[in-house]
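Single-structure report; data block below.
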């Protein structure tokens, strides 16, 4: 039996990337790779920063390599995080997290409101990001328990012996409003083989579209790539694209990714090659549409065909 797709994990991932990329769409900020990038970002801001005209808390957090949550907590700010020009904000200093057995870089980053790349750069780590129990990692803000950010263990995938209830047909997850949705286009021409909500014994927050190995997967609308990798269990090679009005599309199960984080993409642009990675044994595209972190049935916003 195929592993069950754990959609709550993708919701957490979307929340993590949006917290770091919540400013309105614009030309991408320069992306630096290597151990010195985060240090230079922090050094350029120092221990405090003065609010510039037009600044938002999200923009300052991104500019200074901090999480919005930690920056708000450090300055006792509450939503909607109203700032005034010239206001001085204290930046949260880095803390040390000690790696525990079972940790991985994605989970540690998620627990501290960081992206995997930010955490790797802060600690001078290079792919494949090998870490070991007892290793000390610098993190933004106070060190937090990774257990709170861990995804649920798939049925049958853990060591705990227990009797699970028999599978039931999944009920469709609740949907967000489709108001102000971009003009989405189909990312791939193929038959929908799994509807929104999933099939017997599984639940997904998107749809599965049949494909042939290597078929081009295309961006459903203009946007910015905010995730491109394979660290989310069950999704294989995954791309997340952020669009206007806080909309996000997800493209999973790919064989090859054609874009990188920070890339600006246009409707119909080739962003990946279809595959059968992750939890799917057939060649297919896993496609999700979200407003923020809330799922929307893609069939409600895709054109009829």
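The values are calculated or read from the model by the stated rules, or taken from the named source; none is laboratory data. Because the structure is a prediction, the values reported are computed rather than measured. Positions of Cβ are backbone-derived with ideal geometry, glycine not excepted, and every protein chain shown enters the neighbour counts.
Could you check, for region 63-71, whether at least one of its residues is out of contact with any strand residue (DSSP E or B) (no Cβ under 6 Å at 6 or more places or on another chain), at positive phi and modelled with pLDDT of 80 or more?
No; the residues of region 63-71 include none that is out of contact with any strand residue (DSSP E or B) (no Cβ under 6 Å at 6 or more places or on another chain), at positive phi and modelled with pLDDT of 80 or more.
Yes or no: residue 259 in a loop (DSSP other than H, G, I, E, B), in contact with a strand residue (DSSP E or B) (Cβ under 6 Å, 6 or more places away or on another chain) and on the phi < 0 side of the Ramachandran plot?
Values: in a loop (DSSP other than H, G, I, E, B): yes; in contact with a strand residue (DSSP E or B) (Cβ under 6 Å, 6 or more places away or on another chain): yes; on the phi < 0 side of the Ramachandran plot: yes.
So residue 259 fits the description; yes.
Can you name the number of the only condition in (1) in contact with a strand residue (DSSP E or B) (Cβ under 8 Å, 6 or more places away or on another chain); (2) at pLDDT 65 or above that residue 197 fails?
Answer for residue 197: the failing condition is (1).
Just checking, which of 208, 242 is crowded, with 18+ Cβ neighbours inside 10 Å, in the same structural domain as residue 185 (by TED's automatic domain parsing) and either within 18 Å of the chain's Cα centre (by Cα) or closer than 23 Å to residue 106 by Cα (or both)? Steps first, please.
On the way: 208 fails: either within 18 Å of the chain's Cα centre (by Cα) or closer than 23 Å to residue 106 by Cα (or both).
Every option except 242 fails the conditions.
Can you tell me which of (1) in a strand (DSSP E or B); (2) surrounded by fewer than 24 Cβ atoms within 10 Å (Cβ to Cβ) is the one residue 286 doesn't meet?
(2)
Quick check on region 248-259. Is at least one of its residues closer than 18 Å to residue 115 by Cβ, in contact (Cβ under 8 Å) with a residue 24 or more places away in the chain and surrounded by fewer than 22 Cβ atoms within 10 Å (Cβ to Cβ)?
Yes, the conditions are met somewhere in region 248-259.
Being at pLDDT 65 or above, crowded, with 17+ Cβ neighbours inside 10 Å, over 30 Å from residue 252 (Cβ atoms) and out of contact with any strand residue (DSSP E or B) (no Cβ under 7 Å at 6 or more places or on another chain) narrows it down to one residue among 85, 56; which is it?
On the way: 85 fails: crowded, with 17+ Cβ neighbours inside 10 Å.
Going through 85, 56 in turn, the sole match is 56.
Within region 240-251, identify whether any single residue is in a loop (DSSP other than H, G, I, E, B) and modelled with pLDDT of 85 or more, and answer yes or no.
Applying the first criterion (in a loop (DSSP other than H, G, I, E, B)) to region 240-251 yields 243.
Still in the list and also modelled with pLDDT of 85 or more: 243.
Looking through region 240-251, at least one residue is in a loop (DSSP other than H, G, I, E, B) and modelled with pLDDT of 85 or more.
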